[in-house]
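The values are calculated or read from the model by the stated rules, or taken from the named source; none is laboratory data. Just so it is clear, the structure is predicted and the values come from calculations on it, not from any experiment. Note that we place each Cβ from the backbone using ideal geometry, even for glycine, and neighbour counts take in every protein chain shown.
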Amino acid sequence: MQAWRASLLWFDPHADGPQAHFEHDGLLVTAPDAAGVQRVLAVGAYAAVRAAHPTVPVRDHRGWLLAPGFIDLHVHYPQTDIIGAPAEGLLPWLQRYTFPQEARLADPDHAHAVARFFLDEMARHGVTTALTWATSHPASVEALLSQAQARGLRWITGKVLQDRHSPDGVRDDTETSLRDTETLLQRWHGRGRLGYAITPRFAPSCSDAQLRGAGELAARYPDVWIQSHVAEQVDEVRWVRELYPHDRSYLAVYERFGLLRPRAVYGHGIYLEDDDWALLRRSGAAIAVAPTSNLFLGSGFFDYAAARAAGIVLGLASDVGGGMSFSPLVTMRTAYTVGRAAVRGDGKAKQGVSLEPLDLWWQHTAGAARALGLAGTVGSLAPGSEADFVLLDPAATPLLARRCAQAQSLAEWLFALIMLGDDRAVRAVHVAGAAQQHNLT
Ligand SMILES: [Zn+2]
């Protein structure tokens, strides 16, 4: 058994919103399960939990915030090397930077090197689980999942499917791509804490046969994830309409091929049609909101009010390399500014909302876990859940220390951390209870 004393934030895992608990002086106790994965045994006020576990050694981190490890719902690990590359929007950015860089991951040695750096960077920012994009090369999946396994991470990725409208080097073959997908998912899905995601890049890059094959695999393996992109940019939506003139909407294309279901997570969803919200809700598919990417690529502003009114499942994502930062704190504060906007980006008005700090935090932890169908497993720190967590220092920078010291409430304190914090605030990351990272004291 192990125990940590700090300020504690945790969430009810199954609530459809931020049902949060906070203890200024809290204690978290973990113990390994039969598989050796550290799980939360007890969480709560220090005095009460200590009385129930008087002999367990305690690491004292009073003054720091212990919270669930962050979950990134959409991030492209091969794009680590092109973060911050300028371009005139999504499609030119894909052609000029993304595809040439992704082509390099056919080389297993290069894929391993990028995967190592990427996982180090995610840990430095407090991210302990991510629904990650690899490339179209099976070697890119092997590299990331073997590295994640060595670190004991709960991690999900998949080989990208893209058999058309893609340049040499990343374009795959329909039959081979589906065979590779099934081979990889049989090898990796459910191995330790790892998972596989069927990964059609987006409707324009996949033939009907490839999308149909992906849908058949999704039906045959219902606990495997699905990830793709939908309705990110105005030009892209127009292109999909040309390619699929008989489908009601971009999202409806995925429905027709059996790719909307629980454990399906679609990036962006800025330009969904009105009827798409109900379709999402009915299907149980989730949206990964990626605000820094949407601002960087000039895509637009996600409509939180419409999504919330429809009761859809959503969570936050960095979408690096379109995203500007690996930091969940940066993503949360950008989500706040995106929420405030009163336009979508195509001239259509949306309602501006002020997202509460606990809501933002939930969207990157327990809410994201719910979007993955992993509520109660990660993202909450409720008793029984896996002990992936971060320790954040609210005095990590002079300004952060000064502002946090003047906070009048928990909400103000968390909001200051969200608005002013970054990787410097992440002092330790624990994966299933095992110390993984830097600055652990
Ligand atoms: Zn993406």
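Report yes if Val43 is outside any strand (DSSP E or B), surrounded by 15 or more Cβ atoms within 10 Å (Cβ to Cβ) and in contact (Cβ under 8 Å) with a residue 12 or more places away in the chain, otherwise no.
no
Looking only at the range 4-19, which residues are touching a helix residue (DSSP H, G or I) at 6+ places or on another chain (Cβ under 8 Å), surrounded by fewer than 22 Cβ atoms within 10 Å (Cβ to Cβ) and part of a strand (DSSP E or B)?
Answer for the range 4-19, where residues must be touching a helix residue (DSSP H, G or I) at 6+ places or on another chain (Cβ under 8 Å), surrounded by fewer than 22 Cβ atoms within 10 Å (Cβ to Cβ) and part of a strand (DSSP E or B): just Arg5.
Any idea how many residues of the range 353-377 are in contact (Cβ under 8 Å) with a residue 40 or more places away in the chain and out of contact with any Leu (no Cβ under 8 Å at 6 or more places or on another chain)?
Start the filter on the range 353-377 by keeping residues that are in contact (Cβ under 8 Å) with a residue 40 or more places away in the chain, which leaves 353, 355-377.
Of the ones still in play, those that are also out of contact with any Leu (no Cβ under 8 Å at 6 or more places or on another chain) are 353, 355-356, 359, 362, 365-366, 369-370, 373-377.
Residues flagged as in contact (Cβ under 8 Å) with a residue 40 or more places away in the chain and out of contact with any Leu (no Cβ under 8 Å at 6 or more places or on another chain) within the range 353-377 amount to 14.
Considering each of Asp81, Asp72 in turn, give the residue that is outside any strand (DSSP E or B) and under 21 Å from the mean Cα position of the chain (by Cα).
Details: Asp72 fails: outside any strand (DSSP E or B).
Every option except Asp81 fails the conditions.
Report yes if Ala85 is of a type in the set (A, V, I, L, M, F, W, C) and farther than 15 Å from Leu297 by Cβ, otherwise no. Don't jump to the end; show me each part of the working.
Working: of a type in the set (A, V, I, L, M, F, W, C): yes; farther than 15 Å from Leu297 by Cβ: no.
When the stated conditions are applied, Ala85 does not pass them.
In this structure, is Ser249 away from the ligand (no atom under 16 Å from the Cβ), without any contact (Cβ under 8 Å) to a residue 40 or more places away in the chain and crowded, with 21+ Cβ neighbours inside 10 Å?
Working: away from the ligand (no atom under 16 Å from the Cβ): yes; without any contact (Cβ under 8 Å) to a residue 40 or more places away in the chain: yes; crowded, with 21+ Cβ neighbours inside 10 Å: yes.
Yes, satisfied.
Quick one: which helices (runs of 4 or more DSSP H) lie wholly within the range 99-157 and hold at least 1 residues that are more than 28 Å from Pro167 (Cβ to Cβ)? Steps first, answer last, please.
Working: elements: 99-103, 108-124, 138-150.
Hits in the range 99-157: 108-124, 138-150.
Taking the residues in the range 265-290 that are within 15 Å of the ligand (Cβ to nearest atom) and among the small types (Gly, Ala, Ser) as candidates, determine which candidate is surrounded by the most Cβ atoms within 10 Å (Cβ to Cβ).
Among residues in the range 265-290 that are within 15 Å of the ligand (Cβ to nearest atom) and among the small types (Gly, Ala, Ser), the one surrounded by the most Cβ atoms within 10 Å (Cβ to Cβ) is Ala290.
In contact with a strand residue (DSSP E or B) (Cβ under 8 Å, 6 or more places away or on another chain), within 16 Å of the ligand (Cβ to nearest atom) and either modelled with pLDDT of 95 or more or within 20 Å of Gly379 (Cβ to Cβ) (or both): does that describe Ala317?
On the way: in contact with a strand residue (DSSP E or B) (Cβ under 8 Å, 6 or more places away or on another chain): yes; within 16 Å of the ligand (Cβ to nearest atom): yes; either modelled with pLDDT of 95 or more or within 20 Å of Gly379 (Cβ to Cβ) (or both): yes.
Yes; evaluated as a whole, the condition is true for this residue.
If you go through the range 224-246, how many residues are within 16 Å of the ligand (Cβ to nearest atom), more than 18 Å from Leu297 (Cα to Cα) and among the β-branched types (Val, Ile, Thr)?
Of the residues in that region, 2 qualify.
Can you name the number of the only condition in (1) in a loop (DSSP other than H, G, I, E, B); (2) surrounded by fewer than 18 Cβ atoms within 10 Å (Cβ to Cβ) that Asp163 fails?
So the condition that Asp163 fails would be (2).
Does Ala310 fit the bill of being more than 22 Å from Ala85 (Cβ to Cβ), surrounded by fewer than 24 Cβ atoms within 10 Å (Cβ to Cβ), modelled with pLDDT of 95 or more and among the small types (Gly, Ala, Ser)?
On the way: more than 22 Å from Ala85 (Cβ to Cβ): yes; surrounded by fewer than 24 Cβ atoms within 10 Å (Cβ to Cβ): yes; modelled with pLDDT of 95 or more: yes; among the small types (Gly, Ala, Ser): yes.
The answer is yes for Ala310.
One residue is enough: does the range 361-373 have a residue meeting the conditions under 24 Å from Asp16 (Cα atoms), surrounded by fewer than 20 Cβ atoms within 10 Å (Cβ to Cβ), under 22 Å from the mean Cα position of the chain (by Cα) and not aliphatic (A, V, I, L, M)?
Narrowing the range 361-373 to residues under 24 Å from Asp16 (Cα atoms): 361-373.
Add one more test, that the residue is surrounded by fewer than 20 Cβ atoms within 10 Å (Cβ to Cβ), and what stays is 373.
With under 22 Å from the mean Cα position of the chain (by Cα) added as a condition, the list becomes 373.
In the following step, the residues that additionally are not aliphatic (A, V, I, L, M) were identified as 373.
Taking every residue of the range 361-373 in turn, at least one turns out to be under 24 Å from Asp16 (Cα atoms), surrounded by fewer than 20 Cβ atoms within 10 Å (Cβ to Cβ), under 22 Å from the mean Cα position of the chain (by Cα) and not aliphatic (A, V, I, L, M).
May I ask you to list the residues in the range 181-223 that are surrounded by 22 or more Cβ atoms within 10 Å (Cβ to Cβ), more than 16 Å from the ligand (Cβ to nearest atom) and either part of a loop (DSSP other than H, G, I, E, B) or of a type in the set (S, T, N, Q) (or both)?
Thr181, Arg193, Gln210
Considering only the range 224-236, state which residues are touching a residue at least 60 places away in the same chain (Cβ under 8 Å) and assigned to a loop (DSSP other than H, G, I, E, B).
First, the residues of the range 224-236 that are touching a residue at least 60 places away in the same chain (Cβ under 8 Å): 225, 227, 232-236.
Hits for the range 224-236 are Glu232, Gln233.
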